[in-house]
Each structure stands twice: as C-alpha cells, then as structure tokens.
1. Taking ARG164 as meeting all but one of (1) part of a loop (DSSP other than H, G, I, E, B); (2) more than 16 Å from the ligand (Cβ to nearest atom); (3) touching a Leu at 6+ places or on another chain (Cβ under 6 Å), write down the number of the exception.
2. Against the conditions (1) buried (at least 22 other Cβ atoms within 10 Å of the Cβ); (2) over 23 Å from MET85 (Cβ atoms), where does GLY27 fall short? Just the number, please.
3. Please give the number of the condition LEU50 fails out of (1) within 14 Å of SER11 (Cα to Cα); (2) not in a helix (DSSP H, G or I).
4. Could you list all residues from region 64-86 that are in a loop (DSSP other than H, G, I, E, B) and surrounded by 19 or more Cβ atoms within 10 Å (Cβ to Cβ)?
5. How many residues are free of Cβ contacts under 8 Å to residues at least 24 places away in the same chain and aromatic (Phe, Trp, Tyr) when one looks only at region 61-82?
Amino acid sequence: MRLAVIADIHSNLEALDRVLARIDQEGVEAILNLGDLVGYNASPNECLELLRGRDVRSLAGNHDLALFDPERAQHFNIIAYQALMWCREQVHPEFLKYLQNLPLLQEQPGTFLACHGTPASPDTYISYHFQGKRVLKHLLGLPNLRVCFFGHTHRRALWYRDIRGKVALRPISSGKMRLSPEEHYLINPGSVGQPRDGNPEAAYAIFDDEEFSIEFKSAPYDIGGAQRRILAAGLPPFLAERLAQGA
Ligand SMILES: [Fe+2]
C-alpha cells in the first residue's frame, strides 16, 4: 500500500491545498493525517471543510484537543494560546463533532502505528535521543509493528532502532529511502502548515509498505497568501513571519 502521511496542518489552507494537489498525483491508496488540524494560521473552517470532504484518516493533535478543553491551552506559549482562542471563536459548529470524534491513535495491524506526539501522549515530543529510544522500545513490544508515524515537532525525522538495539537519527536524503525489515522506525513527515526545520515548503511523506520505503517531500505554496490571511485576521504577526522562515 502506498500511503501519504501529513501532519500539523494548523489551519494553513494554501499549504494544505497544494499538498493535497501533489498527493493526488502520487497514486496513493490512503492519506494519514497525524493531527493539529487547527491553531496558529487563519483558515480553520476552510481546512476542515477540505479534510472532511475527502477520505483523510485524521488523528487529534494537542491543538485540536485544546479547542474543547481550554485548560490544555494554559500550557501553550502566549502566541499559540492567542491563536487557539481566536480559532475557538471561528470554528463553525458543524465541524465541532468532526473534531471531537478524531481518535488519538491509529493502527494498521502488521504495518504501522500512528500518533500525534507519542503513542502515550499527544503532548509529548520526540526530539531527543532518550525520547526516540523510549518510544522505539514501546514499539518493539507490539507484535508485527515496525513503524510508528508521529508529528508535533514540525520537523522531519527518521529515527531507527537496529537489531543490536542502537537508536539514532538517519539523515534524510532526497528521493526514496529504503527501510530495513530488521529495524524499527519512528517517522515524522514534517509539517504541512508551519514547518520548523528551515525549509518553508509544505512537508509531507509517501510510505510504501510493500517495498518498505519512505520518501520525504515538500511543496512550494503561496506563503504570501497565508501570511495576508493571518494579518487580516488580527493574529500575531510573528505567525506570518515564521512561515517564510520555516522556523
Ligand atoms: Fe503542531
């Protein structure tokens, strides 16, 4: 099965539109979305309309959950908090049920597990070695699962655990990267709507479970359009600036 993996759309319509158009040319059988549909950017309703109208398998991220539980938003930085409060007022009631029904995890038996932050929590990051090691150890205990997809950091990542138990980050190269059937992997496709790894293009990945490969991709999009919407909505200007920087 060829699977498109996306994450952290964060209400960026221009980026989502572009990524979905690219994915439509990839010949995938499914689209997996690792959560954080809302927050930060200015087009929550347009993005939700697009996602709900297509066969996208979405998870709940910490921003999606905070929409219904403002207590969660207390832990956000001030800019993320302001953007979420703005979003709470904007989201049309017709989308609330859709958002409320998003699962925290998805599992394709024998193929992959998918989460927002980690399988244990949508709020926890996998950024450092000890964090990757802990989640790979958890994955090892699950029968027939070699891959866990995650988002939340907004940075592309390919963690592996080899047969001797070594855990490390594999450098991401362009083109298709073959995976080993003897290793376990944590894969972050990067962020569609607010990339933070220095590449401002909208990120996504294509996973093929038959040839066991992953390809990290990104698409240029109308960043200026997304920035104009942010400023017109009265959201913090920093949210517009960071889109151009990919940071
Ligand atoms: Fe996010």
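A short reminder: the numbers here are calculations on the coordinates, not readings from a lab. Not measured: the values here are computed from a predicted model. FYI the Cβ positions are ideal-geometry reconstructions off the backbone, even for glycines, and counts take in every protein chain you see.
1. Every listed condition holds for ARG164 apart from (3).
2. (1)
3. (2)
4. LEU67
5. 2
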